[in-house]
1. Applying a 10 Å radius around every beta-carbon, put B:58-68, B:75-85 in order of their mean neighbour count, most first.
2. When the Karplus curve 6.51 cos²θ - 1.76 cosθ + 1.60 is applied with θ = phi - 60°, which whole-Hz ³J(HN,Hα) does each residue of the range B:38-52 get, with x for Gly and Pro?
3. Nearest 100 Å² is fine: what is the total accessible surface buried where chains B and A meet, probe 1.4 Å?
4. Among all the lysines, which ones have a C-alpha under 18 Å from A:Lys70's C-alpha, if same-chain residues fewer than 8 places away are not counted?
5. Among B:Ser97, B:Cys26, B:Gly110, whose Cα lies farthest out toward the positive end of the dipole of the range B:24-117, if unit charges sit on the beta carbon of Lys, Arg (+1) and Asp, Glu (-1)?
6. Compute the Cα gyration tensor for the range A:62-122, then decide on rounded, prolate or oblate, letting a ≥ b ≥ c be the square roots of its eigenvalues: rounded whenever a/c is under 1.5, prolate when a/b is larger than b/c in the other cases, and oblate in all that remain.
7. Can you list residues from other chains, or at least 5 along the same chain, whose modelled amide H is less than 5 Å from the amide H of B:Arg68?
8. Once ligands and nucleic acids are excluded and a 1.4 Å probe is used, how much of B:Leu73 is accessible, expressed in Å² to the nearest 10?
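The values are calculated or read from the model by the stated rules, or taken from the named source; none is laboratory data. This structure is a prediction, so every number in the text was calculated from the model and none was measured. So basically every Cβ, Gly included, is an ideal-geometry build from the backbone, and we count neighbours across all protein chains shown. These area figures cover heavy atoms from the full protein model, side chains too; ligands, DNA and RNA do not enter into them. Shrake-Rupley method; radii C 1.70, N 1.55, O 1.52, S 1.80 Å.
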There are 2 protein chains.
Amino acid sequence: MRALATTYRAQEAPAGLPEPLPQPACDDLRLEQVLAVLADPLRLTIVQRLLTQAERYDHACGWFGLDRPKSTLTHHFKALREAGVISQRQYGLERRSRVRLNDLNARFPGLIDLILDWTPAT
Amino acid sequence: MRALATTYRAQEAPAGLPEPLPQPACDDLRLEQVLAVLADPLRLTIVQRLLTQAERYDHACGWFGLDRPKSTLTHHFKALREAGVISQRQYGLERRSRVRLNDLNARFPGLIDLILDWTPAT
DNA sequence: GTAGTGGTACGAGTTTAGTCGAACTATGGC
DNA sequence: GCCATAGTTCGACTAAACTCGTACCACTAC
């Protein structure tokens with residue numbers, strides 16, 4: 001599965017998109033915070049699915065089909081965004097997420113491969 | 001600093017050493033647990049120092065010069081060992097630690113480089 | 001207008017993690 | 001035996017995190 005990390009295209013945001021919600025700059029990403037936010041299985045699932053199954057540009061949190069209340073999902077997506085792992089843009093009603101691939105590869109090379117190789121506990 | 005990860009010799013334990021304290025097998029290492037245990041700055045410091053400054057085989061926890069009570073250090077070393085990041089052997093009075101380099105590189109390639117590249121927050 | 005949708009914000013309950021003091025064990029030197 | 005040393009274990013406190021219900025907001029369709 002690791003080959004995906006390198007073949008996964010570093011998607012550039014098309015022009016005219018909504019601005020991303022507030023997020024830490026690439027230089028401000030902290031390894032300990034990124035690790036902490038990825039230590040949760042649910043968040044690891046979210047990021048892995050974004051990496052492997054996001055065909056289009058990005059996805060709203062309903063797309064993941066996670067069986068949790070909305071307030072729980074909001075909590076986890078916010079944690080991922082505040083740690084700098086994902087960015088989110090507002091599209092009318094929906095708030096769509098994508099992995100900050102370029103920034104993560106620049107700051108923490110190899111991290112994406114670790115996420116791709118992960119398999120949830122049985 | 002990243003070059004160290006590949007040049008760092010994968011030390012084999014000499015024969016006749018004390019057995020390691022109980023620790024998870026290589027195949028049982030869980031990424032989410034390893035990330036959780038590395039999300040703490042103090043533990044990240046411990047592992048990084050073991051990787052970069054351990055000249056001999058391994059080191060007791062007093063060697064690190066960490067300004068914390070012994071019970072706190074015991075807690076963190078135990079967390080690292082139970083997550084599979086370090087192994088510990090009893091040498092008379094001392095309990096010496098080393099990073100499980102071979103196992104970590106086998107299961108989570110690239111992780112060691114992330115630890116080596118880390119710089120503590122100012 | 002109303003209703004439905006995608007999501008946030010707040011707050012509470014529960015759990016987990018970090019910190020540390022005090023008491024304890026085990027080893028080695030004398 | 002005594003004493004110092006290296007570390008553990010226990011318990012308590014505190015802080016943080018996860019979960020989730022409720023209320024709320026913004027937008028769209030009708």
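1. Numbers: B:58-68: 14.5, B:75-85: 19.4.
Going by the mean number of other Cβ atoms within 10 Å, highest first, we get B:75-85, B:58-68.
2. Couplings: 8, 6, 8, x, 5, 5, 4, 4, 4, 5, 4, 5, 4, 6, 9 Hz.
3. Working: alone 7120 and 7120 Å², together 12680 Å².
Buried surface at the B/A interface: approximately 1600 Å².
4. Answer for A:Lys70, where 18 Å is the Cα cut-off: A:Lys78, listed by chain and number.
5. Of the candidates, B:Ser97 comes out farthest on the positive side.
6. On the way: a/c = 2.28, a/b = 1.29, b/c = 1.77.
Because a/c hits 1.5 or more and a/b fails to exceed b/c, the range A:62-122 counts as oblate.
7. It is none; the list stays empty.
8. 10
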